[in-house]
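Worksheet: the structure to be examined is printed underneath.
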Amino acid sequence: MTLRFVATLLAYVASSTIGLVLMRHELRQPDVNVISVDSLTNWRLICAVLLYAVSFAFWLLALSRYPLTTVYPVFVGIGYSAVTLCAIFFLHEHLTVVKAFGLGFVGVGLLLLVAR
């Protein structure tokens, strides 16, 4: 993997993960109605949506430069793992044994993909 690929991957994963976790945090507030003026003026929710949009730009950049058979599994696998771990640590969601095994399998799959 090149330095450019890793930088694009990290930018995608960071912006996507932070955006999703922040969206979830804001949307689980008891008084939030997703389709309301309050949602449209909630600056944290707006930042979360913008971060997620930025992640999509990094996704498009990666798709334009690297093989889909590499980009899709690596970006989705690392993104899935990052979102799951951040949800556990920051949103206090539960890690079940099945989820832990799933994360482990994703990790093994990623290692197999990048091994040469």
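Taken together, the values in this text are just the output of simple stated rules run on the coordinates, not laboratory data. These numbers were taken from a predicted model, which means no experiment stands behind them. Note: ideal-geometry Cβ built from the backbone for every residue, glycine included; neighbour counts use all protein chains shown.
With only Lys, Arg, Asp and Glu charged, each at its Cβ (+1 for the first two, -1 for the last two), find how big the charge dipole of the chain is about the Cα centre; round to the nearest 20 debye. Could the numbers behind the result be given before it?
Numbers: 7 positive and 4 negative charges, 88 e Å.
Its charge dipole is roughly 420 debye.
For the range 3-114, what is the relative contact order in percent, using Cα pairs closer than 8 Å and at least 6 residues apart in sequence? Please report the intermediate quantities before stating the final value.
Details: 85 pairs, mean separation 36.9, N = 112.
Reported as a whole number, the value is 33 percent.
Rank-order 106-114, 45-53 by packing density, defined as the average count of other C-beta atoms within 10 Å over each peptide's residues, highest first.
Numbers: 106-114: 12.2, 45-53: 16.0.
Highest to lowest by the protection proxy: 45-53, 106-114.
Using label points projected 7 Å from each Cα along Cα→Cβ, tell me how many nm separate residue 4 and residue 99, to one decimal.
3.7 nm
What angle do you read, to the nearest 10 degrees and between 0 and 90, between the alpha-carbon axis of helix 97-114 and the longest principal axis of the chain?
Between helix and principal axis, roughly 40 degrees.
Return, ordered by residue number, the residues of the range 51-71 whose backbone nitrogen is under 14 Å from a label point located 7 Å along Cα→Cβ of residue 112.
Under 14 Å, as judged by backbone N against the label point of residue 112, lies no residue of the range 51-71.
Report, in degrees rounded to the nearest 10, the 0 to 90 angle that the Cα long axis of helix 3-27 makes with the longest principal axis of the chain.
It works out to around 30 degrees.
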